[in-house]
Amino acid sequence: MIAALAPVLSGDAAPPVLIPNGVTLAGVAVGGMSNQQAAAALRPAFAKPVRLTYGDRAWRLVPARFGAKVTIDRGVTDALQARPGDAVELVPEIDQETVHSFVRALDKRVSYPAKDAELKGLRGLRPEFTPDHAGVQLLRQLTAQRIVRALQAPTIRRIRVAAKVVEPKRSVLNFGPVIVIRRGANELRYYQGAKLVRKFGVATGQAVYPTPTGTFHVVDMQLNPWWRPPDSPWAKGLSPIPPGPGNPLGTRWMGLSVPGVGIHGTPDDSSIGYSASHGCIRMHIPDAEWLFQHVKLGTPVVIIDA
């Protein structure tokens with residue numbers, strides 16, 4: 001007797017090939033999925049916009065705008081061949097120039113310079129300043145790196161602009177030296193910002209050679225200067241005088257941003273306290289040496305009638 005043969009089920013299909021458990025593809029969990037399921041999960045993940053924020057402002061970065069291209073099928077194939085728990089990479093191509101062009105435009109919208117405090121004038125005899133403000137500088141390279149990394153990683157969909165605060169070089173609190181010269185009182189006042197530090201007796205210009213009034217700056221500083229005759233009738237025929245005890249400028253010269261006028265020492269101590277110069281501001285030599293050590297190029301000098 002011939003045994004009955006088991007029926008052949010011609011309609012049976014091979015079970016689908018699944019990605020091993022615990023596998024991630026570009027950070028997306030695809031373990032246990034078929035290739036079609038994995039591809040369906042990845043496409044919207046890569047296409048989802050990146051939200052770029054700065055403070056209360058935000059920009060929506062669509063990957064396609066930046067030339068994002070990714071071969072999902074190749075990544076899924078690699079995932080199918082991975083071992084359980086593997087992290088499979090899948091990195092889209094990004095148009096770097098488009099990213100940098102966007103960041104340059106973003107820079108113009110985010111960055112602004114710091115504003116230094118400026119000397120506004122005097123309140124009485126005390127210097128008064130305009131407010132200082134910090135600025136912001138967008139960090140272009142770091143911001144571009146963050147954008148590219150987010151566009152290449154579907155698990156990153158929110159990033160921040162990289163920027164730093166730029167402090168002003170000169171604030172109201174650390175403004176530095178200010179000189180106020182009272183022409184009528186033959187007095188020089190040295191301030192640190194708005195704080196009075198020292199007062200000095202000086203000589204200012206004679207009535208026929210008055211010291212100019214206004215706001216100027218120190219533009220020239222010389223140690224042991226030569227005296228050279230100016231182009232003026234009173235100096236006609238005079239010769240230059242080298243550094244030394246008889247030099248009319250003493251040992252220090254601080255030229256101002258007005259031709260031929262400066263602050264300097266003088267060997268003629270008896271002239272201090274009077275209107276005796278040809279327009280310059282004379283000081284006792286030790287006082288001029290102290291002042292020279294406490295000012296710098298650009299120090300404002302305010303000369304008033306008072």
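The values are calculated or read from the model by the stated rules, or taken from the named source; none is laboratory data. Keep in mind that this is a model prediction, so the values were computed, not measured. Here Cβ is always computed from backbone atoms with ideal geometry, including for glycine, and neighbour counts include all displayed protein chains. We work out accessible area using only protein heavy atoms, side chains counted, and drop any ligands, DNA or RNA first. Shrake-Rupley method; radii C 1.70, N 1.55, O 1.52, S 1.80 Å.
The label-point distance for H133 and A29, in a model that sets each label 7 Å from Cα toward Cβ, rounds to 4.9 nm.
Rolling a 1.4 Å probe across the protein heavy atoms gives the chain an accessible surface of 57 Å² per residue. Among the listed values [x] 33, 24, 20; [y] 29, 22, 20; [z] 83, 17, 15, the one matching semi-axes √(5λ) of the Cα gyration tensor in Å as calculated from this structure is [z]. Applying D = kT/(6 pi eta Rh) to the stretch 122-196, where Rh is the Kirkwood radius over alpha-carbon pairs, T corresponds to 37 °C and eta to 0.692 mPa s, the Stokes-Einstein value obtained is 200 µm²/s.
Counting lysine pairs in the stretch 61-199 that sit 8 or more residues apart in sequence, or on different chains, and whose Cα atoms lie under 26 Å apart gives 9. Fully extending the segment from K199 to R140 would add 16.3 nm, taking 0.36 nm per residue of separation and subtracting the current Cα-Cα distance. Quick check: from the Cα gyration tensor, does the stretch 82-170 come out rounded (a/c under 1.5), prolate or oblate? The shape class here is prolate. Leaving ligands, DNA and RNA out of it, report the carbon-plus-sulfur percent of the accessible area of the stretch 193-291 at a 1.4 Å probe. Whole-percent figure for carbon plus sulfur exposure: 57.
Modelled spin-label separation between D107 and A64, with each label point placed 7 Å from Cα along the Cα-to-Cβ direction: 3.0 nm. Using a cutoff of 8 angstrom between alpha carbon atoms and counting only pairs six or more residues apart, the relative contact order for the chain works out to 14 percent.
FRET efficiency for the pair R57 and K115, taken as 1/(1 + (r/R0)^6) with r the Cβ-Cβ distance and R0 = 35 Å, rounds to 0.95.
Counted residue by residue at 0.36 nm each, then reduced by the alpha carbon distance between them, the extension gain from D268 to R158 reaches 32.2 nm. The stretch between V208 and E89, if pulled fully straight at 0.36 nm per residue, gains 34.3 nm over its current Cα-Cα span. If R0 is taken as 22 Å, the Cβ-Cβ distance between D305 and Q222 corresponds to a FRET efficiency of 0.20. Between E289 and V166, the C-beta separation translates, for a Förster distance of 22 Å, into a calculated FRET efficiency of about 0.05.
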